[in-house]
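Engineer: Structure provided below as structure tokens; questions to follow.
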Amino acid sequence: MIPAIGLMVGAYIVTRMTATRTRPGTSKVVKVLSIITIAVALVSCLELLTSGAAIQSGRF
């Protein structure tokens with residue numbers, strides 16, 4: 001259950017940073033930081049997917 005929550009949080013972070021990056025009037029510093037944040041979130045989600053912890057379905 002915990003890896004599934006981590007993936008949902010990672011997807012939310014990527015979505016919010018993409019929205020922040022594409023907003024008109026965003027400074028270059030914020031755009032660079034959003035790209036770094038997206039990269040870290042994607043690497044973390046990939047690590048969650050490839051780790052030994054399986055996402056269990058069924059019982060909650």
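Engineer: If I filter the stretch 23-33 for residues that are modelled with pLDDT of 90 or more, outside any helix (DSSP H, G or I) and among the β-branched types (Val, Ile, Thr), do I get at least one hit?
Structural biologist: For the stretch 23-33, residues modelled with pLDDT of 90 or more, outside any helix (DSSP H, G or I) and among the β-branched types (Val, Ile, Thr): present.
Engineer: Search the stretch 22-37 for residues that are closer than 18 Å to Tyr12 by Cα and pair each with any residue that is of a type outside the set (Gly, Ala, Ser) when their beta-carbon atoms are under 6 Å apart and the residues are at least 6 apart or on different chains.
Structural biologist: If the second residue must be of a type outside the set (Gly, Ala, Ser), the pairs left are Lys31/Arg21; Ser34/Met17; Ser34/Thr20; Ser34/Arg21; Thr37/Met17.
Engineer: Additional query: Scan the stretch 28-43 for residues that are open to solvent by 60 Å² or more (accessible area, probe 1.4 Å) and not hydrophobic (A, V, I, L, M, F, W, C) and report the count.
Structural biologist: Residues flagged as open to solvent by 60 Å² or more (accessible area, probe 1.4 Å) and not hydrophobic (A, V, I, L, M, F, W, C) within the stretch 28-43 amount to 2.
Engineer: Assuming Met17 fulfils every condition listed in (1) open to solvent by 60 Å² or more (accessible area, probe 1.4 Å); (2) modelled with pLDDT of 90 or more apart from one, which condition is it?
Structural biologist: Failing condition for Met17: (1).
The values are calculated or read from the model by the stated rules, or taken from the named source; none is laboratory data. Keep in mind that this is a model prediction, so the values were computed, not measured. So basically every Cβ, Gly included, is an ideal-geometry build from the backbone, and we count neighbours across all protein chains shown. Side chains included, ligands, DNA and RNA excluded: accessible areas come from the protein's heavy atoms. Shrake-Rupley method; radii C 1.70, N 1.55, O 1.52, S 1.80 Å.
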